[in-house]
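The values are calculated or read from the model by the stated rules, or taken from the named source; none is laboratory data. Since we're looking at a predicted model, the values are computed, not measured. For neighbour counting, all protein chains shown are included, and Cβ atoms are generated from backbone atoms with ideal geometry for every residue, glycine included.
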Amino acid sequence: MPARAPGLPPGTVEVAPGAPAPKIHVFGYGPTEVEELAVTDLSQVAALRGRWPVLWVNVNGLGDGSVITRLGELFDLHPLALEDVAHTTQRPKVENYANCLYIVLRLLRWTETATELESEQLSMFLGRDFVLTFQEREGDPFDPVRERIRKARPLLREAGADYLAYALLDSVIDHLFPLMQAYGDVLEDLEDLIMEKPTRATLGRVRHARRALVGVRRAVWPLRDAVNSLQEEHLPFIQPETRLYLRDTHDHVLRVIDLAESYRDEVTGLMEGYLSSVSLRMNEVMGMLTLVGTIFLPLSFLTGLYGMNFDPSSPWNQPELRWHYGYPALLGFMGLLSVAMVTYFWRRGWFAVVGATRRPEDDVEAP
């Protein structure tokens, strides 16, 4: 969503370019009857207004500011709240207006590749006999609520609009638990990758996971205060019986926050684990280079010694140069020396230390 143009009058409904066109779906229900309707004209919504004990109007898509404005007129919504509906960068909050409560939530979902987290604003208006919801696009966790309305579940069908608002709010929060579980699976995969392949690509995935967690925290932390404020007794349109259910929802929010905090520690540990793993690999490489250099050090000395071109006729200058088998003898001695050094290093376990081989104790899993 682009930044709101400066200088516009308060209450101006400015929709984002390219936003999908609105699709309106309506539920009107009471204890014994229900009516479900896909709206093609807003006059249909006006005709349903006041006919049902509870009217739920759900709008998918915010591409038409006139639809938002017209619905605001039908339900007597405050222009400032309608402005926030179109400006989809609001944090979760609850605002009390004269004839309704305005509730802002964030809907979170993973992308198809489960590497990025998408955040969508959900705006909800709660009045005495209506609930009006605005979503940026199609796709939400409300199907169980819709089925409960269709199947005449008594707790929902016999309650008022406040209980429907609670059910929608609870669906949004419960939807966070499988999302957090999927996030935990991502962290487990990253932990294995960091130990096996601490590459730049792995580090990039850790950074993506950290950004996703930041999105979760931004959506959930303000939600705690918003749900808590809905339990206050001075707020209208919410019955005391519904506040008991909201208390349970508040507990769910706290559980999600606890998960987010634990995952934050895990992400920090993954970053530290990546650095430790890279450092360990670097130490292994340096250790191996040191062993190779140690093996070739005496060989280089011998080749350098016999590579000096002094006069062999002098008794003080390398008499071995005139030996008929001097060259193969020197090569054989250098080979035996190399084998002896490699055998010595192997028995001392130095190759295992630098990661060239695995010791039996490396394969033992920790209890």
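For the range 92-104, indicate whether the set of residues that are in contact with a Lys or Arg (Cβ under 9 Å, 6 or more places away or on another chain), aliphatic (A, V, I, L, M) and either outside any loop (DSSP other than H, G, I, E, B) or within 20 Å of Val39 (Cα to Cα) (or both) is non-empty.
Within the range 92-104, one or more residues are in contact with a Lys or Arg (Cβ under 9 Å, 6 or more places away or on another chain), aliphatic (A, V, I, L, M) and either outside any loop (DSSP other than H, G, I, E, B) or within 20 Å of Val39 (Cα to Cα) (or both).
So that you can scan it fast, the table gives a plain yes or no per residue for (1) in contact (Cβ under 8 Å) with a residue 60 or more places away in the chain; (2) more than 20 Å from Ala98 (Cα to Cα):
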site: Leu48; (1), (2): no, yes
site: Arg51; (1), (2): no, yes
site: Asn60; (1), (2): yes, yes
site: Ile68; (1), (2): yes, no
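From the list Leu254, Leu337, Leu297, which one is more than 30 Å from Ala201 (Cβ to Cβ), loosely packed, with under 12 Cβ neighbours inside 10 Å, modelled with pLDDT of 80 or more and of a type in the set (A, V, I, L, M)?
Exactly one of Leu254, Leu337, Leu297 is more than 30 Å from Ala201 (Cβ to Cβ), loosely packed, with under 12 Cβ neighbours inside 10 Å, modelled with pLDDT of 80 or more and of a type in the set (A, V, I, L, M), namely Leu297.
Looking at (1) more than 30 Å from Ala182 (Cβ to Cβ); (2) touching a strand residue (DSSP E or B) at 6+ places or on another chain (Cβ under 6 Å), which one does Lys23 not meet, given that it meets all the others?
Only one criterion is unmet by Lys23, namely (1).
Having 3 or more residues that are of a type outside the set (Lys, Arg) and not assigned by TED's automatic domain parsing to the domain that holds Phe75 is the bar; report the helices (runs of 4 or more DSSP H) wholly within the range 122-239 that clear it.
Those helices (runs of 4 or more DSSP H) do not exist here; none qualify.
Gly61 passes all but one of (1) under 34 Å from the mean Cα position of the chain (by Cα); (2) at negative phi; (3) modelled with pLDDT of 90 or more; which number fails?
All conditions pass for Gly61, except number (2).
Given the residues Gln231, Gln239, which is the only one that is within 23 Å of Val131 (Cβ to Cβ), over 19 Å from the mean Cα position of the chain (by Cα) and exposed (fewer than 15 other Cβ atoms within 10 Å of the Cβ)?
Values: Gln231 fails: exposed (fewer than 15 other Cβ atoms within 10 Å of the Cβ).
Only one candidate passes the filter, namely Gln239.
Identify all residues within the range 75-91 that are surrounded by fewer than 17 Cβ atoms within 10 Å (Cβ to Cβ), part of a helix (DSSP H, G or I) and out of contact with any strand residue (DSSP E or B) (no Cβ under 9 Å at 6 or more places or on another chain); write none if there are none.
Residue satisfying the conditions is Pro79 alone.
Can you name the condition, by its number, that Ala47 falls short on among (1) under 30 Å from Lys151 (Cβ atoms); (2) in contact with a helix residue (DSSP H, G or I) (Cβ under 9 Å, 6 or more places away or on another chain)?
Result: Ala47 passes all but (2).
Pairs only if they're at least six apart or on different chains, beta carbon under 8 angstrom, first in the range 224-239 and farther than 25 Å from Arg255 by Cβ, second surrounded by fewer than 16 Cβ atoms within 10 Å (Cβ to Cβ) and of a type outside the set (Asp, Glu); list them, first residue then second.
Pro236/Asn96; Phe237/Arg128
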